[in-house]
1. Where the only charges are on Cβ atoms (+1 Lys, Arg; -1 Asp, Glu), what is the dipole of the range 15-130 about its Cα centre, to the nearest 20 debye?
2. With a ≥ b ≥ c taken as the square roots of the eigenvalues of the C-alpha gyration tensor of the range 23-91, please select rounded if a/c is under 1.5 and otherwise prolate if a/b is larger than b/c or oblate if it is not?
3. In the range 15-130, how does Rg compare with the Kirkwood Rh, expressed as the Rg/Rh ratio over alpha carbon atoms?
4. Once you have the Cα-Cα distance between Phe28 and Val66, take 0.36 nm times their residue separation minus that, and quote the gain in nm to one decimal.
5. Sort 108-121, 76-89 by the packing proxy (mean of other Cβ within 10 Å over each peptide's residues), most packed first.
Amino acid sequence: MTMNNITPEGQLKGRILLAEDDEDMRRFLAKALENAGYQVVSFDNGLSAYERLREEPFNLLLTDIVMPQMDGIELARKAAELDPDLKIMFITGFAAVALNADLEAPKDAKILSKPFHLRDLVSEVSRLIAA
């Protein structure tokens with residue numbers, strides 16, 4: 001068994017909470033981020049992700065915007081209340097949603113529009129966690 005989420009120094013690069021309702025996309029994103037050295041805990045809806053966030057700390061919330069039970073915007077708002085230092089990145093396939101200034105999303109949140117290249121995702125995640 002290999003430990004893909006450990007750097008050569010034996011340190012995790014960071015812990016990511018992933019909320020994405022599309023199963024294939026969720027697995028794809030989790031695998032790419034784990035291969036880049038992150039520990040990823042993933043959920044198929046915002047409510048489950050929020051419950052987990054209440055139990056333990058994460059460096060980054062990576063969430064789809066449009067999801068059942070609790071959308072990504074509400075999840076991000078509640079997550080930011082729990083942990084003001086949590087970095088937040090939205091992924092969305094809806095360009096109009098990405099361009100909507102009235103989302104009431106946390107002010108420092110990043111938005112990555114689908115489709116995106118995994119290399120771009122990993123580099124944005126690295127930049128955000130390092131900031």
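1. Numbers: 14 positive and 21 negative charges, 83 e Å.
Using Cβ point charges on Lys, Arg, Asp and Glu, the range 15-130 gives about 400 debye.
2. Numbers: a/c = 1.79, a/b = 1.23, b/c = 1.46.
In terms of gyration-tensor shape, oblate.
3. When Rh is taken as the Kirkwood radius, the ratio is 0.91.
4. Taking Phe28 through Val66 to full extension adds about 11.9 nm, to one decimal.
5. Listed from highest to lowest mean packing, they are 76-89, 108-121.
The numbers here are math on the coordinates, done by the rules we state, and not lab data. Predicted model only: the values in this text are computed from it and were never measured. Please note: Cβ atoms are built from the backbone with ideal geometry, for glycine as well, and neighbour counts cover all protein chains shown.
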